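The values are calculated or read from the model by the stated rules, or taken from the named source; none is laboratory data. Note that this is a predicted model, so its numbers are computed, not measured. Cβ atoms come from the backbone with ideal geometry, glycine included; neighbour counts cover every protein chain shown. For accessibility, only protein heavy atoms count, side chains too; no ligands or nucleic acids. Shrake-Rupley method; radii C 1.70, N 1.55, O 1.52, S 1.80 Å.
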Amino acid sequence: QVQLKESGPGLVQPSQTLSLTCTVSGFSLMDYSVHWVRQPPGKGLEWMGRMKYDGDTYYNSALKSRLSISRDTSKSQVFLKMNSLQTEDTAIYYCTRTGSFDYWGQGVMVTVSS
Amino acid sequence: DVVLTQTPPTLSATIGQSVSISCRSSQSLLHSNGNTYLNWLLQRPGQPPQLLIYLVSRLESGVPNRFSGSGSGTDFTLKISGVEAEDLGVYYCVQSTHAPFTFGSGTKLEIK
């Protein structure tokens, strides 16, 4: 069955770089896009960017200068890297499939703090 | 960027009551391919969001048919015909017609 699972550090220091991995199963990254979405504590959902099935990427304009999304199709993994982290980047980070957002990972909580 | 405005921000309903949530877009969500990529998600407390409705009105597999979606262009509605206790949570509309994709601010449904 379709599954997505996020992994990465729970704590990142301010000004450092966040690296997250989304490992998928039950479908191919060459057939479906994967998106990253985040949710600050007690707040709404923010679309961050996507890795399209053809390898194309697109980013939220507010994050574009700090954000990079890549993939390793042989490992069924999509990667998120975001630099210059600040406390307002504290959030649950989700990966989700396609522009329909039909399957979601459980999310990983990332806290930015010294 | 497309702005999605959801109303009301909170909704309180009794079991069995029918309710509606509005999602208005700052521009038409009709794609050049003829599809309208407007979806509805429900996020229950402590859970990731789940897809309820896609392409405005298509019910995701496994979702109860008391949920329905309607609308076109810039105005969309999610209706719950007979609220049940398990429906509590925050409802979001999301558009994937125009990149960057965007979410509405959410509507919190409380059960009286």
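Data table
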{"item": "Test: A:Thr23 is polar (S, T, N, Q), more than 15 Å from the chain's Cα centre (by Cα), open to solvent by 30 Å² or more (accessible area, probe 1.4 Å) and away from every other protein chain (no Cβ under 12 Å)", "result": "no"}
{"item": "Number of the condition not met by B:Thr77 [criteria: (1) closer than 14 Å to B:Leu109 by Cβ; (2) open to solvent by 40 Å² or more (accessible area, probe 1.4 Å)]", "result": "(1)"}
{"item": "Answer residue from the stretch B:80-96, given it is surrounded by fewer than 20 Cβ atoms within 10 Å (Cβ to Cβ) and part of a loop (DSSP other than H, G, I, E, B) and is nearest to the other protein chains (Cβ to nearest Cβ) among those", "result": "B:Leu88"}
{"item": "Of residues in the stretch A:97-112 being modelled with pLDDT of 95 or more and touching a Pro at 6+ places or on another chain (Cβ under 8 Å), the one farthest from B:Ser61 (Cα to Cα)", "result": "A:Val112"}
{"item": "Strands (runs of 3 or more DSSP E) within the stretch A:58-112 that include 2 or more residues within 14 Å of another protein chain (Cβ to nearest Cβ) and of a type in the set (Ser, Thr, Tyr)", "result": "A:91-97"}
{"item": "Exclusive hit being touching a residue at least 24 places away in the same chain (Cβ under 8 Å) and either more than 12 Å from chain A (Cβ to nearest Cβ) or open to solvent by less than 10 Å² (accessible area, probe 1.4 Å) (or both), set B:Gly34, B:Gly69", "result": "B:Gly69"}
{"item": "Residue tally, condition in a loop (DSSP other than H, G, I, E, B) and either closer than 18 Å to B:Leu4 by Cβ or touching a strand residue (DSSP E or B) at 6+ places or on another chain (Cβ under 8 Å) (or both), over the stretch B:48-79", "result": "11"}
{"item": "Residue match in the stretch B:42-58 (condition: away from chain A (no Cβ under 14 Å) and free of Cβ contacts under 8 Å to residues at least 40 places away in the same chain)", "result": "no"}
{"item": "Any chance A:Gly44 is outside any strand (DSSP E or B), within 13 Å of another protein chain (Cβ to nearest Cβ) and open to solvent by less than 40 Å² (accessible area, probe 1.4 Å)", "result": "yes"}
{"item": "Residues that are charged (D, E, K, R) and either out of contact with any Ser or Thr (no Cβ under 9 Å at 6 or more places or on another chain) or at pLDDT below 95 (or both), drawn from the stretch B:51-79", "result": "B:Arg58"}
{"item": "Test set (1) open to solvent by 50 Å² or more (accessible area, probe 1.4 Å); (2) under 25 Å from B:Ser105 (Cβ atoms) - A:Arg38 fails condition number", "result": "(1)"}
